[in-house]
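**Student:** Attaching a single structure in C-alpha cells format; questions to follow.
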Amino acid sequence: MANKNIIIGMRSLSEIREKNGIYIDKTRFIEELENNAGTNVPVFLRPRRFGKSLTVSMLLNYYDICKKELFDKNFKGTWIYDHRTPLANSFYVLRFDFSDVSSVYSEVNDSFTLSVASSISRFSDNYPELGLTKKELDPSLYKNATDLLSIFLTKFQSKARAGEYLYVIIDEYDHFANEILTKDKEAFKDITSTAEGHEGLIKRFYALLKKYYRDDYKGSIDRFFITGVSSVSLDSVTSGFNIATNISSKTKFNEMIGFTHNELSEVIDETVDFSLLPGITKDQLMQIMEENFEGYSFDKKAKEKLFNSNLCLAYIERLISEGEAPYLNEISLNDDAGKLNGMLSLSEDDVREKIVQAMFNKEPIVATLPDKMNLNQSDLFDREQIVSLLYHLGYLTIDPEVTREEGITSFVIPNKVYEKLFLDYCRQAIGYREDFSKDLSSMFEDSADISPLLETITEQIETKLNPQSLGKFTEMALQLICDSIINNSRKRQLSAYTEFNTGKGFADVFVKNTYTNGHYFLLELKYLHKKDDTKSAVESKLAEAREEIERYRQGTILKTTVGEHTLDCYAIVYVGSECRVCQKV
C-alpha cells in the first residue's frame, strides 16, 4: 500500500521529510563531493526540471551550522546518517538562488541586486552578528549586486573567528543569463563582458567571490557548490572566476541528480496504489516513463540511462490525483519551440540545417564537447559548441552504447518530451500552424480507415502553411504535419512516432493505437512538387516506399512493439497537396 506523498514543486529537504514526502536518498554523494570531486569549487550542470535545487537543499541542511540541531530529523534513515563526515554542520552557508532574476535586459541589474539582497537577508536572520542590518540591506543604497556583496563579505571577514568560514551555494547560476542569450545575444555579451572598464555585472560578481576564496588568499569562503544548465555563462567570464571546475561529466556524479531505473521503481512502489487505478499496471507506467522521461546519459561510461525526476513525479502525482493516466502534453518543461529557435540561431545557417536534419532523422551527431564556450570571443557558435549547448539544455544527450562501441562521442535526442519540442520547432520553421482535435475515429476503431487522415493532411497543407513554405516543402514537412494531426486528434487514442526505429531502418511514421483490438500503422510517405509530377516519378516514389516497408517489416524492434496487434502498412505518395497514391502493402 502506497504511503509516501508526492509534493510537487517542493525543493526543501526538511519539508519533504517532515511531510512524509517521497525522497530518493542521494546523500552518499555528499561524501563523494568532499573526497572525489577534485575541487572545492565544483560546478554541476543538468537540464531543467532535474532536481538540482533539492540537491542544494540537501547540502545546505548538511553543512549549515544553524541546522545542526535538525540533523537527526533531516537525515535519519539516509546513507549519510551512518557515514557522517567531519565537515557536517561546520560552515556558515550563504545560498543564492538566481532562478528569480528577471531575464528582461533593462531589469537585470536591479533584479540581480534584489536577489542577492534577499539571500544575504536570510543569512543575516540566521546569523545577525555576522550579517548585515536591515538598513545595510536596502538595495537602493547600491549600484549593483557586487557592491552589496562586497559590504557583506568585508563585514563577515572582520567578524568571523579563526576557523569560521562561508560555504557559498549558488543555485541556477545561469537561469536568467540563458533566457537572455536565447532572446538577445548582444545583451548577454554585455552582462558577461570581461572588457577592461566595461566588465559585465556577472563578471564583477564572480570576480569578487574569487577574491574572497581562501585558496587564493586568506579569504573567508572555504568552498562553493554551483548548479546550472550550461557552462556558457561561466566560460564567458573565465578570467573572473577561473577557480571553478565542471564536474558534471565525472562518472562518480552521473547519478547524483535524476532517477535510475531502480530508483523510479522505488518511487512508484512507495507512492502508487494500483488497486485504485484499474487498467493500469506498474509495467505500463514504467513503459510510459521510459518513452517520455528517460534517456539521459551525462557520462560516456554510463551503464544506465537516467529519468528526469521532476517530470516523473509530476506525471505520477497527476495519475494518483486523477485516477487515470494524464495526457502527456500537460506535463510541461515550460520550454517552447521559440527558445530552441533562439539557441539554434546562435550558429551559422549551414551548421544549424545539418544539425536539425540529423536530429529529425534520428541520426547520431558525433561531436567533441568543447572545453570552453566563450561567446565574448566569437560572434556565433561553431558545430561543437551548439551541440554542447543543446546537450546541456537537454535536447541532446550522450548515447553511451554507440560511444563505447565506436570510440567517439555520439549525441541523440533523449526522449519523446524533447522530441516533441524539437518537432514543434521544425513545424514552426516551415510556417505550419498546428490544428487540434481532428476526428480520426474511423482510423482507431475497427474499420482502421486512414482516409480521414489523408484528407486532413491535404486540408492542412492547403490552409495551415504560409505560401513561402510551399516552395521548399519536403517529405520531412509531410511527416511533421502527419505527426501533428495524429497526436492532436480527438480522444487521444492514437500516438504517432516520426522516424521510428524498426530495427531495419527508420520508418517515416509509426502509429500506436490504444483502442481495443485497434490496428497499428506504418506509413511511408513520399513527396513530389507539382513541377516534378510525372507518371514515372510517382511510380518510382511508390516503388521506393514499398521496398522500404518490406525491409522495415523484418525489423525485430517493430515486431516486438507491434506484438499481437494487427499492423497495417501503407505506401503513400503526395503531389503538392494531393494524395496521388495510397497503397496498402
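The values are calculated or read from the model by the stated rules, or taken from the named source; none is laboratory data. Please read these numbers as outputs of a predicted model, since none were measured by experiment. Cβ atoms come from the backbone with ideal geometry, glycine included; neighbour counts cover every protein chain shown. Heavy atoms of the whole protein, side chains included, go into the accessibility calculation; ligands, DNA and RNA do not. Shrake-Rupley method; radii C 1.70, N 1.55, O 1.52, S 1.80 Å.
**Student:** Test of understanding: among Phe381, Phe307, which residue is at pLDDT below 90, of a type in the set (Phe, Trp, Tyr) and either open to solvent by less than 70 Å² (accessible area, probe 1.4 Å) or farther than 23 Å from Val402 by Cβ (or both)? Don't jump to the end; show me each part of the working.
**Tutor:** Details: Phe307 fails: at pLDDT below 90.
None of the others qualify; the one that does is Phe381.
**Student:** While we're looking at this one, here's another question. Just to be sure, is Ile24 modelled with pLDDT of 90 or more and either part of a strand (DSSP E or B) or closer than 22 Å to Tyr165 by Cβ (or both)?
**Tutor:** Judged against the criteria, Ile24 is not a match.
**Student:** Continuing with the same structure: Among the residues of the range 128-144, which ones are in a loop (DSSP other than H, G, I, E, B) and surrounded by 10 or more Cβ atoms within 10 Å (Cβ to Cβ)?
**Tutor:** Pro128, Leu130, Gly131, Leu132, Thr133, Glu136, Leu137, Asp138, Tyr142, Lys143, Asn144
**Student:** A further question on this structure: Looking at the range 93-111, can you tell me whether even one residue there is among the small types (Gly, Ala, Ser), without any contact (Cβ under 8 Å) to a residue 40 or more places away in the chain and buried (at least 17 other Cβ atoms within 10 Å of the Cβ)? Even if it seems obvious, please write down each step before you answer.
**Tutor:** We begin by selecting, within the range 93-111, every residue among the small types (Gly, Ala, Ser); these are 99, 102-103, 106, 111.
Next, from what is left, pick out any that are without any contact (Cβ under 8 Å) to a residue 40 or more places away in the chain: 106.
Cutting the leftovers down to buried (at least 17 other Cβ atoms within 10 Å of the Cβ) gives us none.
Within the range 93-111, none of the residues are among the small types (Gly, Ala, Ser), without any contact (Cβ under 8 Å) to a residue 40 or more places away in the chain and buried (at least 17 other Cβ atoms within 10 Å of the Cβ).
**Student:** Only one of these conditions is not met by Phe411: (1) open to solvent by less than 40 Å² (accessible area, probe 1.4 Å); (2) of a type in the set (A, V, I, L, M, F, W, C); (3) more than 30 Å from Lys250 (Cα to Cα). Which number is it?
**Tutor:** Failing condition for Phe411: (3).
**Student:** Another question about this same structure. Out of curiosity, is Arg48 under 15 Å from Tyr173 (Cα atoms), open to solvent by 10 Å² or more (accessible area, probe 1.4 Å) and either out of contact with any Ser or Thr (no Cβ under 6 Å at 6 or more places or on another chain) or of a type in the set (Phe, Trp, Tyr) (or both)? Show your work before the answer.
**Tutor:** Details: under 15 Å from Tyr173 (Cα atoms): yes; open to solvent by 10 Å² or more (accessible area, probe 1.4 Å): yes; either out of contact with any Ser or Thr (no Cβ under 6 Å at 6 or more places or on another chain) or of a type in the set (Phe, Trp, Tyr) (or both): yes.
Yes; evaluated as a whole, the condition is true for this residue.
**Student:** Of all residues being part of a loop (DSSP other than H, G, I, E, B) and either closer than 20 Å to Asn513 by Cβ or β-branched (Val, Ile, Thr) (or both) in the range 423-442, which is modelled with the lowest pLDDT? Just the residue, please. Reasoning before the result, please.
**Tutor:** The initial filter retains those residues of the range 423-442 that are part of a loop (DSSP other than H, G, I, E, B), namely 430-440.
Cutting the leftovers down to either closer than 20 Å to Asn513 by Cβ or β-branched (Val, Ile, Thr) (or both) gives us 430, 436-440.
Details: Ile430: 82, Phe436: 75, Ser437: 82, Lys438: 87, Asp439: 90, Leu440: 92.
Among residues in the range 423-442 that are part of a loop (DSSP other than H, G, I, E, B) and either closer than 20 Å to Asn513 by Cβ or β-branched (Val, Ile, Thr) (or both), the one modelled with the lowest pLDDT is Phe436.
**Student:** Are any of the residues in the range 231-244 modelled with pLDDT of 90 or more and under 28 Å from Thr397 (Cα atoms)?
**Tutor:** yes
**Student:** Further question: Of all the residues that make up the range 74-86, how many are of a type in the set (A, V, I, L, M, F, W, C) and surrounded by fewer than 15 Cβ atoms within 10 Å (Cβ to Cβ)?
**Tutor:** So the answer is 1.
**Student:** Any idea how many residues of the range 388-409 are in a loop (DSSP other than H, G, I, E, B) and not hydroxyl-bearing (Ser, Thr, Tyr)?
**Tutor:** Here the count works out to 6.
**Student:** Quick check, is Ala477 closer than 24 Å to Glu363 by Cβ, open to solvent by less than 20 Å² (accessible area, probe 1.4 Å) and modelled with pLDDT under 90?
**Tutor:** yes
**Student:** For the range 115-127, enumerate the residues that are open to solvent by less than 20 Å² (accessible area, probe 1.4 Å) and either closer than 13 Å to Arg95 by Cα or touching a Pro at 6+ places or on another chain (Cβ under 9 Å) (or both).
**Tutor:** Ser115, Val116, Ala117, Ser119, Ile120, Phe123, Ser124
**Student:** Kindly evaluate Met343 against the criterion of being buried (at least 17 other Cβ atoms within 10 Å of the Cβ), at pLDDT 90 or above and under 15 Å from Tyr418 (Cβ atoms).
**Tutor:** So Met343 fails the test.
**Student:** Among the residues of the range 546-585 satisfying the criterion of being within 34 Å of the chain's Cα centre (by Cα) and charged (D, E, K, R), which is most open to solvent (accessible area, probe 1.4 Å)?
**Tutor:** Lys559
**Student:** Let me ask another. Looking at this structure, is Phe188 touching a strand residue (DSSP E or B) at 6+ places or on another chain (Cβ under 8 Å), open to solvent by less than 30 Å² (accessible area, probe 1.4 Å) and either part of a helix (DSSP H, G or I) or modelled with pLDDT of 95 or more (or both)?
**Tutor:** Here the answer is no, as Phe188 does not meet what is asked.
**Student:** Scan the range 520-545 residue by residue and report those that are over 25 Å from Leu423 (Cα atoms), open to solvent by 40 Å² or more (accessible area, probe 1.4 Å) and not acidic (Asp, Glu).
**Tutor:** Listed by number, the residues that qualify are Lys530, Lys531, Thr534, Lys535, Ser536, Ser540, Ala543.
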